[in-house]
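Okay, so here's the structure we're looking at.
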Amino acid sequence: MTNLQTKYKQEIMPKLKQEFNLKNDLAIPYVEKVVVNMGIAEAKDNKDILTKVDEQLATITGQKPKITRAKAAISTFKLREKDPIGMMVTLRGKKAWIFLEKLIAIVMPRMRDFRGLQTNKFDKMGNYSLGITEQILFPEIDYAKIDKIRGLVVSIVIKNSDPEKSKKLMELLGVPFRNN
């Protein structure tokens, strides 16, 4: 068990149960999965980019990424159906907790001009999406092997939740939010 997961089970669960007056432990919000996406539109022209991004995303997450393909052809973008347009990884269980711990403790403090996360990025189900502008913020990435700076999107899927409960859960996990 990771430090963050242990903290969740021992400290955060009782606080959430008490604050939101939940009678059942199964009604407490919890992190179901973490989805990491990286868009690579230039992959339709250059297939070598797929292997580079595959390697980088696997290094960041510790899991082999899946290629996402275009669902429909769009002529203005010179995009055909089933062209590779991105990569994604879905992390669950221990790998999700390890990734979250690394994101909160190492990556967020390294972000340029970081003043906390925005509170308006929650959807109506309580899931949070965060855009990271540079993959080099992750300590595993070797600067010498980077051909181009690429951004990625991290979506934290929280079960049994709404935006208010999710915000409280993430605050208790140690995620800094902006004071609006």
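Computed from the coordinates by the stated procedures, all read-outs in this text should not be read as laboratory data. All figures in this text were calculated on a predicted structure; none of them were measured in a lab. Glycine also receives a Cβ, built like all others from the backbone with ideal geometry; neighbour counts cover every protein chain displayed.
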One finds, for Glu19 and Lys124 with R0 = 22 angstrom and r their Cβ-Cβ distance, a FRET efficiency to the nearest 0.05 of 0.60
Of the listed peptides 20-27, 151-158, 116-123, what is their order by residue-averaged count of other C-beta atoms within 10 Å, with the highest listed first?
151-158, 116-123, 20-27
On a straight-distance basis, which lysines could pair with Lys167 in a cross-link, Cα separation under 28 angstrom, same-chain partners fewer than 8 positions away excluded?
Lys7, Lys9, Lys15, Lys17, Lys23, Lys33, Lys94, Lys95, Lys102, Lys121, Lys124, Lys159
Proximal lysines to Lys52, defined as alpha-carbon separation beneath 19 angstrom and excluding residues fewer than eight positions away on the same chain:
Lys44, Lys64, Lys66, Lys145, Lys148
I'm spelling it out carefully: the read-out is Cα extents along the principal axes in Å, the candidates are [x] 54, 36, 34; [y] 41, 38, 31; [z] 91, 52, 38, and one was derived from this structure. Which label?
[x]
What is the diffusion coefficient of segment 90-151 in µm²/s, taking the Kirkwood radius over Cα pairs and the Stokes-Einstein relation at 10 °C with a viscosity of 1.306 mPa s?
118
I need to check one value: relative contact order of the chain, counting alpha carbon pairs closer than 8 Å and at least 6 residues apart, in percent.
30
Just tell me the longest site-free run in the chain, where the sites are GluC sites (Glu not before Pro) in a DSSP loop having at most 16 other beta-carbon atoms within 10 Å.
1-80
